[in-house]
Amino acid sequence: MLEFLACSLITILPDFLVRRYLQGKRLGHEINLFTVWYELRWGITACAILTIVLLAAIFFYHPTTSNVSNLFRTVSVLPEEGGRVKEVYTRNNSFVRAGEPLFKLDDSVELAEVYTATKRLSEVDANILGSKSSLSAAIAREQEAHGILAQARNELKRGRDLYKRNPDAITLQKLDSLQNHLVSKEGAFKAAVAERDLADVTLNTTLPATRNRVVAELEEAEARLAKKTVYAGFSGTLEQFLLEPGDITSPILRPAGIIVPETSGRGKFIAGFRQITAPVLKKGMFAEIACSSKPFKIIPMYIEEIQDVIPSGQFRPGDRLVDPLDLAKPGTILVTLNELYEGDTVDIPPGSKCIANAYTDSHDLIATGELSGAGEIYFHAVDTLGVVHAILLRLQALILPVQILVLSGH
């Protein structure tokens, strides 16, 4: 409507003035309600054409969209294993910090496993102490057997020396007895050494390995026990958290609630512009938004990112061929808008529905001096048309409460 009124000032109004004052045609006679089209046909036609051209230029170079929202992510509160709720530490709609406990599942089985593993560890430690004593005893027996073996060797040596000097001083039977005694003591010494080696292996290899295994079992049991307490993974607001002791929750069938991270959806808005505006949308373009949750406020923004694919064209391989007819719904150019001045959007709740305008700025292109005179005039005019769109956005912001509260019928 504003564009039509502006265009009529340079088309219909001059045509009317010419016919009224130069040609002498009178209102209510030559110019009346029935002859207005015929009398003002040139002005009306020129106004309609100029209005269409103006609207096309405005909406192309300064695109607008009503598909704008500050999207936010949610994090499901899920236990790693299903179970029955034993304790609940917080309540719904409360703010939780990362690492804060939320609830605990029944952990009687895990507590029993931890207790059993602890007792096994105590038993192994006691065996290690006993094995140290056994090793000390085995070393003592080895030393004793070594002394007895040395004495047997000396007795056999003295007997042989005595036999060489005087064969009648000792009998061959006695020498055989000393020889057998030495063999017996050598066997006893080897047995003592083997006993000492066994005690050493038990103390330094077998029992430490057993202890490590029991410690691993204890740590595994403690880990399973720790999983029974569910903690907040992010700082944020806890929503839809209605657990009570005795409820059953599962990581697959029944989440316990949802956490909305405190920084999610703040400062950034996602906008979907029509595909025809792709040539003019650039990173760094200035934009403005107006939101239903904050009426009468225009917030300056800028385009931070532009998604280089159109979501409507995505597909997942399956057992059916893709038919383009199924993709008849046109997709949009996904754009991320960030606040130009920090804190402007802090009072806009995440998920708000907004409208946005983006404004083409040709100043740098004109400043290069590469354009002709007509080109400079054209792009100056394009930039000037952004004022019209800014006015339209402000009018939309003014009538938005009326449209929602009165004209929507809800």
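Please count how many residues of region 307-322 are in a loop (DSSP other than H, G, I, E, B) and open to solvent by less than 100 Å² (accessible area, probe 1.4 Å). Step through it out loud before you land on a result.
Within region 307-322, the first condition is being in a loop (DSSP other than H, G, I, E, B), and the residues that meet it are 307-310, 314-322.
With open to solvent by less than 100 Å² (accessible area, probe 1.4 Å) added as a condition, the list becomes 307, 309-310, 318, 322.
Total satisfying the criteria: 5.
Scan region 397-410 for residues that are open to solvent by 80 Å² or more (accessible area, probe 1.4 Å) and not in a loop (DSSP other than H, G, I, E, B) and jot them down. So that I can check it myself, show each step before the final result.
To start, the set of residues in region 397-410 that are open to solvent by 80 Å² or more (accessible area, probe 1.4 Å) comprises 398-399, 403, 405-407, 410.
Listed by number, the residues that qualify are 398, 399, 403, 405, 406, 407.
Results for (1) within 26 Å of the chain's Cα centre (by Cα); (2) without any contact (Cβ under 8 Å) to a residue 24 or more places away in the chain; (3) more than 30 Å from residue 283 (Cβ to Cβ), shown as yes or no for each residue.
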{"position": "58", "(1), (2), (3)": "no, no, no"}
{"position": "64", "(1), (2), (3)": "no, no, no"}
{"position": "70", "(1), (2), (3)": "yes, no, no"}
{"position": "80", "(1), (2), (3)": "yes, no, yes"}
{"position": "84", "(1), (2), (3)": "no, no, yes"}
{"position": "88", "(1), (2), (3)": "yes, no, yes"}
{"position": "105", "(1), (2), (3)": "yes, no, yes"}
{"position": "113", "(1), (2), (3)": "no, no, yes"}
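Considering each residue of region 363-382, count those that are outside any helix (DSSP H, G or I) and surrounded by fewer than 14 Cβ atoms within 10 Å (Cβ to Cβ), and give that number. Give the steps one after another, and end with the answer.
Within region 363-382, the first condition is being outside any helix (DSSP H, G or I), and the residues that meet it are 368-372.
When the remaining residues are screened for being surrounded by fewer than 14 Cβ atoms within 10 Å (Cβ to Cβ), the result is 368-370, 372.
So the count comes out to 4.
Of everything in region 119-140, what is buried (at least 17 other Cβ atoms within 10 Å of the Cβ) and under 27 Å from residue 182 (Cβ atoms)? Give them in sequence order.
Matches in region 119-140: 138 only.
Yes or no: residue 142 more than 30 Å from residue 105 (Cα to Cα), in a helix (DSSP H, G or I), acidic (Asp, Glu) and touching a Leu at 6+ places or on another chain (Cβ under 6 Å)? Spell out how you get there, then give the answer.
Working: more than 30 Å from residue 105 (Cα to Cα): yes; in a helix (DSSP H, G or I): yes; acidic (Asp, Glu): yes; touching a Leu at 6+ places or on another chain (Cβ under 6 Å): no.
In short, no.
For residues in region 258-267 being touching an Asp or Glu at 6+ places or on another chain (Cβ under 7 Å) and modelled with pLDDT of 85 or more, which is farthest from residue 68 (Cα to Cα)?
First, the residues of region 258-267 that are touching an Asp or Glu at 6+ places or on another chain (Cβ under 7 Å): 258, 260, 267.
From what is left, the residues that are modelled with pLDDT of 85 or more are 258, 260.
Values: 258: 24, 260: 20 Å.
Filtering region 258-267 for residues that are touching an Asp or Glu at 6+ places or on another chain (Cβ under 7 Å) and modelled with pLDDT of 85 or more, the one farthest from residue 68 (Cα to Cα) comes out as 258.
All but one of (1) surrounded by 14 or more Cβ atoms within 10 Å (Cβ to Cβ); (2) modelled with pLDDT of 75 or more; (3) of a type in the set (Ser, Thr, Tyr) hold for residue 163, so report the exception by its number.
(2)
If I go through region 211-239 residue by residue, how many of them are in a helix (DSSP H, G or I) and in contact with a helix residue (DSSP H, G or I) (Cβ under 7 Å, 6 or more places away or on another chain)? Spell out how you get there, then give the answer.
If we filter region 211-239 for residues that are in a helix (DSSP H, G or I), which is where we start, we get 211-226.
Adding the requirement that they be in contact with a helix residue (DSSP H, G or I) (Cβ under 7 Å, 6 or more places away or on another chain) leaves 211, 214-215, 217-218, 221-222, 224-225.
So the count comes out to 9.
The values are calculated or read from the model by the stated rules, or taken from the named source; none is laboratory data. Worth saying up front: this structure is predicted, and the values here are computed from it rather than measured. As a convention, Cβ positions derive from the backbone with ideal geometry for all residues, glycine included, and neighbour counts pool all protein chains shown. Only protein heavy atoms, including side chains, enter the accessible area calculation; ligands, DNA and RNA are left aside. Shrake-Rupley method; radii C 1.70, N 1.55, O 1.52, S 1.80 Å.
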